[in-house]
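J.: First the structure, then my questions, so here it is.
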Amino acid sequence: MRKSGVVDFNKKYDVAIIGAGPAGTVAAKMLRDEGYSVAIVEGAQFPRFSIGESLLPNCLNVLEKAGMLQAVEDAGFQFKDGAVFERSDEKRSIDFRKNFDDGWGTAYQVQRALFDQLLADCASDAGADIRYKCFVKGAVLSKGYCELHCELPDGSVQTLTSSFVLDASGYGRVLSRLLSLETPSSLPARSVVFTHVEDHISDPQFDRDKILITVHPERKDVWYWLIPFSNGTSSVGVVYLETDRERKAESDKQILHTLINQTALGELLNEAVPIRDIGKMSGYSCNVSKLHGPGFALLGNAAEFLDPVFSSGVTIALHSANLAVPAVVKELRGEEPDWQSIFADPLKGGVDVFRVFVEAWYEGTLQDIILRHPEGDLDLSKMMVSILSGYAWSMSNPLVQKPKRYLRLLKALCE
């Protein structure tokens, strides 16, 4: 298999991919396995920091299909078998292996700088050409012929030509901005502040094999994540409404410190030492008017991002790549794939399931269900765990087919 190199602006590639995150590199690896030439252009210099560090089990199914799972397993990331939810004195541990679907029931908690570099290296080893610190400033897209106008670090602009373009640019949303495809999200604007710490957690009851989700004792719309890594560090963050007046006069550091110390996390992390600057994202939820058009398709967060609460971002990214690649192959073969039925509609179906869960979470309904649903191996409980494990596209699960109806049933069980 041909080793990759740097993107050659003098040749036409079969597929150009914007972004070297999980969606872009998995799509690149799959396309290279089909024998097509692939160029990836990435604005950042890898390795680079990103949030979205707690993978869901369904991610492993796509990584396995792409032939990239073994590299992930060998990297020494923190094993993950579930999630712990807590709100004041209520606490519930969820085991992802007790779900309704076949497939993986465990995953990993990953430092994204290492994880994304690993996937990019897998794509590179498979023959994808990659150019870092390359910004797409313009695009001319049509069926069978596309141009991306790329700005290099020296200020020069080069044109990358291809037969098709996949936008996997994540929060950058390159094509949706250039093509004016962005539409307002139905979700309220929220902000998140976060950091990495040497956690020094001494509590013997703390389970490093699970992500910890904590709800503010008085504000159901404020929640926190604590994601332990295998090297004794953790990712910690808090999500709150962007319009929260109490936060307006505080610095990002004050917000994180104040809100953490209003919960049991303050005691759990009382010996923690920050190892990176505080980061912040605001207004991150987005939507687009369409997911595809002549010569292009949008993957992962470049298409739509809901909320970090159920760690669905990487799952949606990988599933979008898995759905898109067969359609791209048909395009390259000169066929006429029905992008709406084989890509957009299926992808949107799973995203809408996650959306119902996100909305129910902030209403407090899903928090009550998770924390109070009856113990045991009830099928309804397994169906819910499947969604939390990332299986939002499994039509054998009645909760996927009719999420609002079955959440009402689960709520009734709790009452």
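Computed from the coordinates by the stated procedures, all read-outs in this text should not be read as laboratory data. What you see is a predicted model; the values in this text were computed from it and never measured. No Cβ is skipped: glycine too gets one built from the backbone with ideal geometry, and neighbour counts run over all protein chains shown.
J.: Using a/c under 1.5 as the rounded threshold, could you call the stretch 364-414 rounded, prolate or oblate? The axes a ≥ b ≥ c are square roots of the C-alpha gyration tensor eigenvalues, and prolate needs a/b larger than b/c, oblate otherwise.
T.: Values: a/c = 1.70, a/b = 1.48, b/c = 1.14.
Taking the square roots of the gyration eigenvalues as a ≥ b ≥ c, the stretch 364-414 is prolate.
J.: While we're on this one: Multiplying the sequence separation of R405 and E34 by 0.36 nm and subtracting their Cα-Cα distance, what value in nm do you get?
T.: 129.4 nm
J.: Also: From the phi angles alone, apply the Karplus equation (6.51, -1.76, 1.60; θ = phi - 60°) to the stretch 52-60 and give each ³J(HN,Hα) in whole Hz, x where the residue is Gly or Pro.
T.: x, 9, 10, 6, 9, x, 4, 4, 5
J.: Also, quick follow-up: Over 28 Å between C-alpha atoms is what I'm after, so list which of K210/K411; K29/K253; K253/K382; K248/K411; K280/K402 land there.
T.: Too far apart for the 28 Å limit: K29/K253; K253/K382; K248/K411; K280/K402.
J.: Further question: Among the GluC sites (Glu not before Pro) in the stretch 171-239, which ones are in a DSSP loop with at most 15 other Cβ atoms within 10 Å of the Cβ? Mind listing them?
T.: E218
J.: Compare the peptides 285-291, 364-370 by average per-residue count of other Cβ atoms within 10 angstrom and give them in order, highest first.
T.: 364-370, 285-291
J.: Looking at the stretch 326-415, which trypsin sites (Lys or Arg not before Pro) are in a loop (DSSP not H, G, I, E or B) and have at most 14 other Cβ atoms within 10 Å? Intermediate results must be reported in sequence, preceding the final value.
T.: Details: sites: K330, R333, K348, R355, R372, K382, K404, R405, R408, K411; in loops: R333.
The qualifying sites are R333.
J.: How long are the semi-axes of the equivalent ellipsoid of the stretch 190-282, taking √(5λ) for every eigenvalue λ of the Cα gyration tensor, in whole Å from largest down? Display every interim value, and only then the final one.
T.: Details: eigenvalues 97, 40, 25 Å².
Equivalent ellipsoid semi-axes, largest first: 22, 14, 11 Å.
J.: If you don't mind, another one. Could you please rank D102, D116, placing first whichever residue has the fewest other Cβ atoms within 10 Å of its Cβ? Don't skip to the answer; put the middle values down first.
T.: On the way: D102 10, D116 26.
With the fewest neighbours first, D102, D116 line up as D102, D116.
J.: Now a separate question. In which sequence would I201, I275, I18 go, from the one with the fewest C-beta neighbours within 10 Å to the one with the most?
T.: Ranked by crowding around the Cβ, least crowded first: I275, I201, I18.
J.: Per residue of the chain, what 222 nm ellipticity follows from adding -39500 (n - 2.57) for every DSSP H run with n ≥ 4, rounded to the nearest 500?
T.: The helix contribution divided over the chain gives -9500 deg cm²/dmol.
J.: Once you keep just the Cα pairs under 8 angstrom separated by 6 or more residues, what percentage relative contact order results for the chain?
T.: Result for the chain is 21 percent.
J.: Local charge sum around R247 (other residues, Cβ-Cβ under 14 Å, Lys/Arg +1, Asp/Glu -1)?
T.: With Lys, Arg at +1 and Asp, Glu at -1, the neighbours total 0.
J.: Suppose the chain between F46 and K382 were pulled fully straight at 0.36 nm per residue; how much longer would it get relative to their current alpha carbon spacing?
T.: Answer, rounded to one decimal: 117.1 nm.
J.: Compute the FRET efficiency between H149 and M281 as 1/(1 + (r/R0)^6), taking r as their Cβ-Cβ distance and R0 = 25 Å, and round to the nearest 0.05.
T.: Values: r = 27 Å, r/R0 = 1.09.
That gives a FRET efficiency of 0.35.
J.: Let me ask something else. I want the local charge near A66. Using Cβ-Cβ distances under 9 Å, sum +1 for each Lys or Arg and -1 for each Asp or Glu among the other residues.
T.: Once positives and negatives cancel, what remains is 0.
J.: Consider a paramagnetic label point 7 Å from the Cα of D252 along Cα→Cβ; state which residues of the stretch 189-222 have an amide N under 13 Å from it.
T.: Correct set: 191-196.
J.: Related question: For every other residue with a beta carbon closer than 11 angstrom to the beta carbon of W339, add +1 if it is Lys or Arg and -1 if Asp or Glu, then tell me the sum.
T.: Its environment carries a net charge of -2.
J.: Sticking with this structure for a sec: Which of the GluC sites (Glu not before Pro) across the stretch 231-298 are loop residues per DSSP, with 14 or fewer other Cβ within 10 Å?
T.: E242, E271
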